[in-house]
Ligand code: C2E
Ligand code: MG
Ligand code: MG
Ligand code: MG
C-alpha cells in the first residue's frame, strides 16, 4: 500500500498482500469444482436439551478439504462464495445433504431436526423458497425436519423483505432461528415482527457469563425477552461447567458447544446420536 503525504511517498512492502491475493484467487477458482470433486462435507454439532442433555437437533457446518491447502475455514470461503454467487449452488447442496440426514436421524428418539446456515444472499433470491422446497421434494424430507439459521446482522439489512420471506418459510413448516443474537442491535420492534422460533445467544455473551456480571445480565435479559416473545433460547459456544451453571439458573432451553461436543463428521455424529454418549470435551 502506498501512503501519500505531499512529496513524501512511503511504500510499505507487504509480502502477504500478493500471497493473500493468490490464495484468494486459488480458493475462488477451486471452489467452483469443490462439490463435484467431493471436497465438501457437512459436520454436525449436537444441540442438547438443557433439562436432560438429550440430543434434540444438530447444526450442519460446512467443511472444505482443499487438496493442497488443506482444511479451509467456512469463515474464509463462505464470504468468497457469497461474493461470487457460488453460495447459491453450495447452499443448495448443504440443504440437500442435511435433508437426507434429517430423514434418517429423525428415527432416533428425541431427535427433531437439522439446522442449516443460510446466507443472506440465498434468502434474497426470488426463488429461494421454491428452490428449497424442490430440493426437499427430491429427498422426501418435510420442512419440519429443517431449521434455518439466519444471522441477526444479515437480516437487519433488508428487514421488511426478510420478514416476508421468513414468514413464508415459517408457513411452509420450517423452524427459524436467529444466529449470533445480541451482536447486531436489531430493534425490539423489528425483533417482535420476526417469525423466529429460537434465539441463539451469541458465544461472546456465553464466554463471559460466568466471570462477568454484566455478561450474565445480558444473557438473563435475552432469555427473558425470548420467553416473553414466545421464543426458545439456545446458548452457542458453551465450553465450561461454570457457564452451564449460569445458563441453567437463568432457564436457557438448549445448549450447543465444545463442552458437549465439537462438530463431528457424519458417521461420528451418528454413533454419538445412537448411543447418546456425548463426547464431553473441554478444549478444542
Ligand atoms: P455459526 O453458524 O455461528 O456457527 C458456530 C461456529 O462456532 C462454528 O464454527 C462452530 O464450529 C463453532 N463452535 C461451536 N461451539 C463452539 C465452542 O464451544 N467453542 C468455540 N470456540 N467454537 C464453537 P465454524 O464451523 O468454523 O463455522 C463458522 C461460521 O461459518 C458459522 O458460524 C456460519 O456463519 C458459517 N457457516 C458454516 N457452515 C455454513 C454453511 O453451510 N452455509 C453458510 N451460509 N454459512 C456457514
Ligand atoms: Mg449457525
Ligand atoms: Mg452462531
Ligand atoms: Mg457465530
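The values are calculated or read from the model by the stated rules, or taken from the named source; none is laboratory data. For clarity, every value in this text was computed on a predicted model and none was experimentally measured. Cβ sites come from the backbone with ideal geometry, for glycine too, and all protein chains shown count toward neighbours.
A few remarks follow.
- Residue within region 215-224 that is surrounded by fewer than 20 Cβ atoms within 10 Å (Cβ to Cβ) and within 16 Å of ligand 2 (Cβ to nearest atom) present: no
- Number of the exception - residue 261 against (1) assigned to a loop (DSSP other than H, G, I, E, B); (2) out of contact with any strand residue (DSSP E or B) (no Cβ under 6 Å at 6 or more places or on another chain); (3) within 11 Å of ligand 1 (Cβ to nearest atom): (2)
- Wholly enclosed strands (runs of 3 or more DSSP E) of region 99-214 bearing at least 1 residues touching a residue at least 60 places away in the same chain (Cβ under 8 Å) and within 16 Å of ligand 4 (Cβ to nearest atom): 113-117, 146-151, 175-181
- Of all residues in region 228-247 being without any contact (Cβ under 8 Å) to a residue 40 or more places away in the chain and assigned to a helix (DSSP H, G or I), the one that is nearest to ligand 4 (Cβ to nearest atom): 243
- Applying the criterion of at least 2 residues that are at pLDDT 90 or above and surrounded by 17 or more Cβ atoms within 10 Å (Cβ to Cβ) to the strands (runs of 3 or more DSSP E) found wholly in region 1-85 leaves 40-49, 55-66.
- With respect to the conditions (1) more than 28 Å from residue 267 (Cα to Cα); (2) within 16 Å of ligand 1 (Cβ to nearest atom), residue 96 lacks only one, and its number is (1).
- The residues of region 13-53 that are within 20 Å of residue 200 (Cα to Cα) and either without any contact (Cβ under 8 Å) to a residue 40 or more places away in the chain or more than 23 Å from the chain's Cα centre (by Cα) (or both), listed by number, are 51, 52.
- Yes/no for residue 109 being over 16 Å from the mean Cα position of the chain (by Cα), surrounded by fewer than 18 Cβ atoms within 10 Å (Cβ to Cβ) and either closer than 21 Å to residue 271 by Cα or within 16 Å of ligand 2 (Cβ to nearest atom) (or both): yes
- Tally of residues being closer than 16 Å to residue 240 by Cβ, touching a helix residue (DSSP H, G or I) at 6+ places or on another chain (Cβ under 9 Å) and within 13 Å of ligand 3 (Cβ to nearest atom) across region 189-212: 5
- Screening residue 192 with (1) surrounded by 13 or more Cβ atoms within 10 Å (Cβ to Cβ); (2) under 22 Å from the mean Cα position of the chain (by Cα); (3) closer than 30 Å to residue 164 by Cβ gives one miss only, at (1).
One line per residue, one yes/no per condition, for (1) surrounded by 14 or more Cβ atoms within 10 Å (Cβ to Cβ); (2) within 15 Å of ligand 3 (Cβ to nearest atom):
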{"residue": "150", "(1), (2)": "yes, yes"}
{"residue": "154", "(1), (2)": "yes, yes"}
{"residue": "157", "(1), (2)": "no, no"}
{"residue": "160", "(1), (2)": "no, no"}
{"residue": "163", "(1), (2)": "yes, no"}
{"residue": "173", "(1), (2)": "no, no"}
{"residue": "181", "(1), (2)": "yes, yes"}
{"residue": "184", "(1), (2)": "yes, yes"}
{"residue": "187", "(1), (2)": "no, no"}
